[in-house]
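Take a look at the structure set out below.
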Amino acid sequence: MPEAEATNTKAKKKISKSQYTRGLQCLKSLWLYNYRRDLADEITPSKQAIFDQGHEVGDLARKYFPGGVLLDEDREHMEESIARTTKLIKEGVKTLYEATFFAEGVLVRCDIVRKVGGAWHLIEVKSSTQLKDQHLPDIAIQKYIMEAAGFKVSKSFLMVINTDFVKHGPIDPQEFFTLQEVTEEIAEAEEEVPAKLKEFFKTLASPGKEPSIKFGCHCSNPYACDFIGHCWKGVPPYSVFNLPYLKPDIKESLRDRGILDICKLPAGISLSAAAADIVHVAKTGKAIINKPAVKEFLSQLKYPLYHLDFETIN
């Protein structure tokens with residue numbers, strides 16, 4: 001397949017890679033992001049810290065493959081980034097960071113692409129420690145669009161953080177990261193791309209019609225949606241959706257019956273011990289404290305004591 005010229009992104013409605021994965025999670029979220037972004041939740045400091053951490057990991061990952069060219073155009077200059085990507089490739093540059101491709105109404109920015117032989121290797125960087133299911137469609141859409149734009153991808157990789165890494169002095173990217181080939185793993189997700197794109201653009205073709213999709217477990221799986229504040233209006237701060245080990249279909253069945261308050265949970269619902277305790281505390285207003293267990297634990301502690309709270313590190 002010949003390498004394509006830069007495409008005019010203004011020719012049709014377009015979505016990004018992140019919008020593609022958003023649509024996989026919820027069509028309503030995709031629609032809201034495009035037409036009612038004013039309804040999005042405020043970005044909290046903790047969420048911003050996660051974004052910043054991802055950028056730092058991405059910057060470090062480039063040092064794993066040194067000597068490349070960074071395409072640092074911002075979101076307002078994607079036309080220029082697409083054109084520059086094509087120009088650099090034609091000039092023979094073999095490693096690009098944030099290379100930008102556009103085809104079939106989808107724009108993707110790839111963390112790292114490398115020319116190996118007559119084709120390209122695609123490397124997606126995640127500030128994670130292992131391959132997760134949600135990573136596969138993320139990489140698949142990038143490969144699909146690169147090839148639709150005229151650039152053959154022979155191998156795809158996921159780069160994650162090595163859990164065995166121990167820092168001594170400056171961080172060595174070769175030791176900090178683990179590179180895993182996922183060429184075969186993304187095949188099924190790639191086959192689904194054309195049908196998914198058709199569905200997404202059909203949804204976005206109706207700017208005045210918000211999709212009628214109920215809130216549910218999908219709102220936080222695999223990612224917490226940034227329109228929860230809009231879609232979950234009227235839901236108690238602590239609802240049946242917060243109960244641990246209660247199957248998603250049961251939670252959504254209770255939702256359909258109008259039962260959201262755990263104090264109104266009907267009898268006969270099978271609950272884990274932890275969930276049963278939560279319901280009991282909510283209904284009675286009295287805390288459950290296992291004093292013998294607490295006493296036994298405290299009796300094993302010896303001074304001096306050191307405390308590290310993982311939940312507050314960020």
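The values are calculated or read from the model by the stated rules, or taken from the named source; none is laboratory data. Because the structure is predicted, anything quoted here is derived from the model rather than measured. So basically every Cβ, Gly included, is an ideal-geometry build from the backbone, and we count neighbours across all protein chains shown. We work out accessible area using only protein heavy atoms, side chains counted, and drop any ligands, DNA or RNA first. Shrake-Rupley method; radii C 1.70, N 1.55, O 1.52, S 1.80 Å.
Within the range 238-260, being over 25 Å from residue 40 (Cβ atoms) and open to solvent by 50 Å² or more (accessible area, probe 1.4 Å) holds for 245, 247, 249, 250, 253, 256, 257, 258.
Yes/no matrix, rows are residues, columns are (1) touching a helix residue (DSSP H, G or I) at 6+ places or on another chain (Cβ under 8 Å); (2) closer than 19 Å to residue 100 by Cβ:
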| site | (1), (2) |
| --- | --- |
| 31 | yes, no |
| 42 | no, no |
| 50 | no, no |
| 63 | yes, no |
| 67 | no, no |
| 73 | yes, yes |
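Being closer than 25 Å to residue 195 by Cα and touching a residue at least 60 places away in the same chain (Cβ under 8 Å) is a description that does not apply to residue 90. Going by the structure shown, is residue 235 open to solvent by less than 40 Å² (accessible area, probe 1.4 Å), over 30 Å from residue 112 (Cβ atoms) and in contact with a helix residue (DSSP H, G or I) (Cβ under 7 Å, 6 or more places away or on another chain)? Spelling it out, it is not the case that residue 235 is open to solvent by less than 40 Å² (accessible area, probe 1.4 Å), over 30 Å from residue 112 (Cβ atoms) and in contact with a helix residue (DSSP H, G or I) (Cβ under 7 Å, 6 or more places away or on another chain).
Scanning the range 52-68 for residues that are in contact (Cβ under 8 Å) with a residue 40 or more places away in the chain and either open to solvent by less than 80 Å² (accessible area, probe 1.4 Å) or touching a Pro at 6+ places or on another chain (Cβ under 6 Å) (or both) yields 54, 57, 58, 60, 61, 62, 63, 64, 65, 68. Exactly one residue out of 111, 172, 164 is modelled with pLDDT of 95 or more, open to solvent by less than 50 Å² (accessible area, probe 1.4 Å) and among the acidic types (Asp, Glu): that is 111. Among what's in the range 276-311 and is under 30 Å from residue 241 (Cα atoms), assigned to a helix (DSSP H, G or I) and open to solvent by 100 Å² or more (accessible area, probe 1.4 Å), pick the residue that is modelled with the lowest pLDDT. If we take residues in the range 276-311 being under 30 Å from residue 241 (Cα atoms), assigned to a helix (DSSP H, G or I) and open to solvent by 100 Å² or more (accessible area, probe 1.4 Å), then 311 is modelled with the lowest pLDDT. Going by the structure shown, is residue 197 hydrophobic (A, V, I, L, M, F, W, C) and outside any helix (DSSP H, G or I)? So residue 197 does not fit the description; no. Among the residues of this structure, residue 40 does not count as one that is under 27 Å from residue 161 (Cβ atoms), at pLDDT 95 or above, under 19 Å from the mean Cα position of the chain (by Cα) and open to solvent by less than 60 Å² (accessible area, probe 1.4 Å).
Being out of contact with any Cys (no Cβ under 9 Å at 6 or more places or on another chain) and outside any strand (DSSP E or B): is that true of residue 102 here?
Working: out of contact with any Cys (no Cβ under 9 Å at 6 or more places or on another chain): yes; outside any strand (DSSP E or B): no.
Criteria not met by residue 102.
Pairs linking a residue in the range 279-299 that is more than 25 Å from residue 264 (Cα to Cα) to a residue that is exposed (fewer than 10 other Cβ atoms within 10 Å of the Cβ) and modelled with pLDDT of 95 or more, with Cβ atoms under 7 Å and 6 or more positions apart or on different chains, do not occur. Under 9 Å between Cβ atoms, which residue pairs at least 6 apart in sequence (or on different chains) link something in the range 201-229 that is closer than 30 Å to residue 243 by Cβ with a partner that is assigned to a loop (DSSP other than H, G, I, E, B) and among the small types (Gly, Ala, Ser)? Filtered contacts from the range 201-229: 226/40; 227/40; 229/40.
Scanning the range 200-232 for residues that are part of a loop (DSSP other than H, G, I, E, B), surrounded by 14 or more Cβ atoms within 10 Å (Cβ to Cβ) and among the aliphatic types (A, V, I, L, M) yields one hit, 213. Checked against (1) over 27 Å from residue 41 (Cβ atoms); (2) open to solvent by less than 70 Å² (accessible area, probe 1.4 Å); (3) at pLDDT below 95; (4) small (Gly, Ala, Ser), residue 273 passes all but condition (2).
So that you can scan it fast, the table gives a plain yes or no per residue for (1) of a type in the set (A, V, I, L, M, F, W, C); (2) at pLDDT below 95; (3) part of a loop (DSSP other than H, G, I, E, B):
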{"site": "4", "(1), (2), (3)": "yes, yes, yes"}
{"site": "20", "(1), (2), (3)": "no, no, no"}
{"site": "28", "(1), (2), (3)": "no, no, no"}
{"site": "32", "(1), (2), (3)": "yes, no, no"}
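Note on the range 157-178: residues that are touching a Leu at 6+ places or on another chain (Cβ under 7 Å), part of a strand (DSSP E or B) and in contact (Cβ under 8 Å) with a residue 60 or more places away in the chain total 1.
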